[in-house]
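Undergrad: Input: one structure, supplied below.
Since every read-out is calculated from the coordinates, none of them should be taken as a lab result. Please read these numbers as outputs of a predicted model, since none were measured by experiment. Every residue, glycine as well, gets a Cβ built from its backbone with ideal geometry; the counts of neighbours run over all protein chains shown.
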Amino acid sequence: MMQDGVSLPAVLQDRLKGARRIAVVGIGDECIPSDRLGMQAARRIERDNLPGVRVFYAGTVPESITGPLRKYRPDHVLFLDAAEMGERPGTVAVIAPGKISAGLLSTHVLPLSVVMDYVGEETGAGVTLLGLQPESSDPGEELSREDQEYLDRTLRQVSAVLRDRE
């Protein structure tokens with residue numbers, strides 16, 4: 001996925017530069033196919049067992065992980081959540097803070113932007129939101145096999161950036 005002419009790996013490399021401890025936070029409702037992508041992506045990244053990367057599972061209550069995040073003391077927090085971006089299903093993209101409330105499939109108790117601001121202030125860490133485009137916002141829609149493979153390829157790129165960061 002390109003963002004303003006720059007590849008997702010390049011955007012992530014820039015955002016994660018110098019981060020030694022990274023927290024990856026999976027967000028979403030696993031009972032709803034269109035909202036479970038953040039949790040699935042976090043599991044996929046956790047399987048890679050990357051040094052300096054710890055995965056947290058927030059489900060539909062992202063504020064529930066603020067205490068564990070403070071204890072971990074990350075340099076950067078990478079939130080993963082389903083987002084309606086009008087892109088190909090399976091697309092992964094960095095979502096700018098100003099776009100959060102408009103584009104996300106909100107099943108959260110508190111707005112994610114509030115949680116992200118709080119985490120950034122409390123930990124001093126950089127904060128990034130990766131949106132994952134579902135098949136649709138229809139609760140029953142799952143990614144097709146082709147789109148799931150597309151998502152998997154992109155998540156391998158994310159893992160490569162997490163593994164090879166400077």
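Undergrad: For a quick check, take a GNM of the chain with Cα springs below 10 Å and name the residue from ILE27, ILE45, ILE65 with the largest mean-square fluctuation.
TA: ILE65
Undergrad: At 7 Å along the Cα-to-beta-carbon direction for both ALA96 and SER64, put a label point, then send me their distance in nm to one decimal.
TA: 3.3 nm
Undergrad: Could you pull out every residue, at least 5 positions away or on a different chain, whose amide H is within less than 5 Å of the one on MET85? Hs are placed 1.01 Å off N in the peptide plane, and Pro or chain starts have none.
TA: none
Undergrad: Also, I was wondering about something else. Taking amide hydrogens as modeled 1.01 Å from N in the peptide plane, which residues meet the under 5 Å criterion relative to LEU143, leaving out close sequence neighbours?
TA: Hits under the 5 Å cutoff: GLU135.
Undergrad: Please report the antiparallel percentage of DSSP beta bridges with both residues in the chain, rounded to the nearest 5.
TA: Details: 6 of 24 bridges.
Taking every DSSP beta bridge within the chain, about 25 percent pair in antiparallel fashion.
Undergrad: Moving on to the next point. Cβ under 14 Å from GLU63's Cβ, GLU63 left aside: what net charge do those residues give with Lys, Arg +1 and Asp, Glu -1? Working shown, then result.
TA: On the way: positive: ARG70; negative: ASP81, ASP117, GLU121, GLU122.
For residues surrounding GLU63, the net value is -3.
Undergrad: Length gain on complete extension for the stretch ASN49 to GLU30, per 0.36 nm per residue less the alpha carbon to alpha carbon distance? Display every interim value, and only then the final one.
TA: Working: separation 19, 0.36 × 19 = 6.84 nm, distance 2.21 nm.
Length gained between ASN49 and GLU30: 4.6 nm.
Undergrad: Any idea what the dipole of the chain comes to, in debye rounded to 20, about its Cα centre with Lys/Arg Cβ at +1 and Asp/Glu Cβ at -1? Spell out each step's value before the answer.
TA: Details: 19 positive and 25 negative charges, 181 e Å.
Charge dipole of the chain: 880 debye, to the nearest 20.
Undergrad: Let me ask something else. Calculate for the chain the 222 nm mean residue ellipticity that helices alone would give, adding -39,500 (n - 2.57) per DSSP H run of length 4 or more and normalising by residue count, nearest 500 deg cm²/dmol. List each step's numbers first, then the result.
TA: Working: 6 runs with 63 residues, N = 166.
Rounded to the nearest 500, the figure is -11500 deg cm²/dmol.
Undergrad: Out of region 1-54, which trypsin sites (Lys or Arg not before Pro) are coil in DSSP terms and have no more than 16 other C-beta atoms within 10 Å? Walk me through the numbers before you get to the answer.
TA: Values: sites: ARG15, LYS17, ARG20, ARG21, ARG36, ARG43, ARG44, ARG47, ARG54; in loops: LYS17, ARG20, ARG21, ARG36.
Listed in order of number, the matching sites are LYS17, ARG20, ARG21.
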